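Trainee: Have a look at this one before I ask anything.
The values are calculated or read from the model by the stated rules, or taken from the named source; none is laboratory data. All values reported here derive from a predicted model rather than from experimental measurement. Virtual Cβ from ideal backbone geometry, glycine too; neighbours counted across all protein chains shown.
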Amino acid sequence: MERHLDIELALKYLSRDKDLKTLIDHFGVITLKRRRNYFKSLLRSIIHQQLSGKAARTIENRFLELYNGNRYPTPEEVLKTPAEAIQNVGISRMKTEYIRGLAKIIDDGDIRLEKLSELSNDEVGNVLKEVKGIGQWTVDMFLIFSLNRPDVFPLNDLGIQKGLMLLLGRQKILSQESMLSHSKKWKPYRTLASLYLWKIVDEGMIGL
């Protein structure tokens, strides 16, 4: 099992990079709260796939209204919800199939989510990507926000791509090869570096 992110150690290490130190000094300490409801995390990631943050949150809230609006459903509750009802809140037919497929696999016990924390990053990815609709982006989000793994760098995330572009003062998004090469100096704490890249996109570069 790989360890969880130690924010204090990561900050000390990343501050050696002048670009990231500027972000750390400007934005302060960013903490990472572990999401322990693993089904909720995966379900939420599927809803958010390929959507802007605002649009995804709107659809997510409509989805939650199917379950009284204040909590995420269990796999059993999802399976009892007609596909049409899920689609009517703005979730595509394909994503609805993914959501119901995930719920069935969990409900049947084919994947035991509570065991994922005992696996390495690669092993977690291998297990989750067996589920239709879950790719590397969803795996990366799960590793960061649910398992708090310290060295995850989501190359496929548009926010990370834009954040690195802004950090380096480039005019266009870097190739994945260039992104990966640049991120190597942040190992083994690329998760925290990712949080700061997202922060740039959310709040801008004003004052930096």
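Trainee: Quick one: is Ile99 under 20 Å from the mean Cα position of the chain (by Cα) and assigned by TED's automatic domain parsing to the domain that holds Val124?
Mentor: Working: under 20 Å from the mean Cα position of the chain (by Cα): yes; assigned by TED's automatic domain parsing to the domain that holds Val124: yes.
Here the answer is yes, as Ile99 does meet what is asked.
Trainee: Considering each residue of region 111-150, count those that are part of a loop (DSSP other than H, G, I, E, B) and closer than 21 Å to Arg36 by Cβ, and give that number.
Mentor: Keep residues of region 111-150 that are part of a loop (DSSP other than H, G, I, E, B), which gives 111-112, 119-120, 129-135, 146-150.
In the following step, the residues that additionally are closer than 21 Å to Arg36 by Cβ were identified as 111-112, 119-120, 131, 134, 146-150.
Of the residues in that region, 11 qualify.
Trainee: Enumerate the pairs (first residue in region 86-110 and farther than 14 Å from Ile134 by Cα; second residue anywhere and surrounded by fewer than 15 Cβ atoms within 10 Å (Cβ to Cβ) and β-branched (Val, Ile, Thr)) with beta-carbon separation below 9 Å, excluding pairs fewer than 6 apart on the same chain, so at least 6 apart or on different chains.
Mentor: Taking only residues 6 or more apart or on different chains, the pairs are Gly90/Thr58.
Trainee: Any residue at all in region 190-198 that's over 19 Å from Asn121 (Cα atoms), buried (at least 20 other Cβ atoms within 10 Å of the Cβ), hydrophobic (A, V, I, L, M, F, W, C) and in contact with a helix residue (DSSP H, G or I) (Cβ under 8 Å, 6 or more places away or on another chain)?
Mentor: Of all residues in region 190-198, those over 19 Å from Asn121 (Cα atoms) come to 196-198.
Okay, now just the ones that are also buried (at least 20 other Cβ atoms within 10 Å of the Cβ), so 196-197.
After this cut, where a residue has to be hydrophobic (A, V, I, L, M, F, W, C) as well, the list is 197.
Pick out the ones that are also in contact with a helix residue (DSSP H, G or I) (Cβ under 8 Å, 6 or more places away or on another chain) and you get 197.
Checked against the condition, which is being over 19 Å from Asn121 (Cα atoms), buried (at least 20 other Cβ atoms within 10 Å of the Cβ), hydrophobic (A, V, I, L, M, F, W, C) and in contact with a helix residue (DSSP H, G or I) (Cβ under 8 Å, 6 or more places away or on another chain), region 190-198 yields at least one hit.
Trainee: Restricting attention to region 106-141, report how many residues are closer than 15 Å to Val78 by Cα and buried (at least 17 other Cβ atoms within 10 Å of the Cβ).
Mentor: 1
Trainee: Among the numbered conditions (1) over 21 Å from the mean Cα position of the chain (by Cα); (2) without any contact (Cβ under 8 Å) to a residue 40 or more places away in the chain, tell me where Tyr13 comes up short.
Mentor: Here Tyr13 meets the rest and fails (2).
Trainee: Residue by residue through region 155-200, note down the ones that are among the aliphatic types (A, V, I, L, M) and under 15 Å from the mean Cα position of the chain (by Cα).
Mentor: Going residue by residue through region 155-200, those that are among the aliphatic types (A, V, I, L, M) are 155, 158, 160, 164-168, 173-174, 179-180, 192-193, 195, 197, 200.
Listed by number, the residues that qualify are Leu155, Leu158, Ile160, Leu192, Ala193, Leu195, Leu197.
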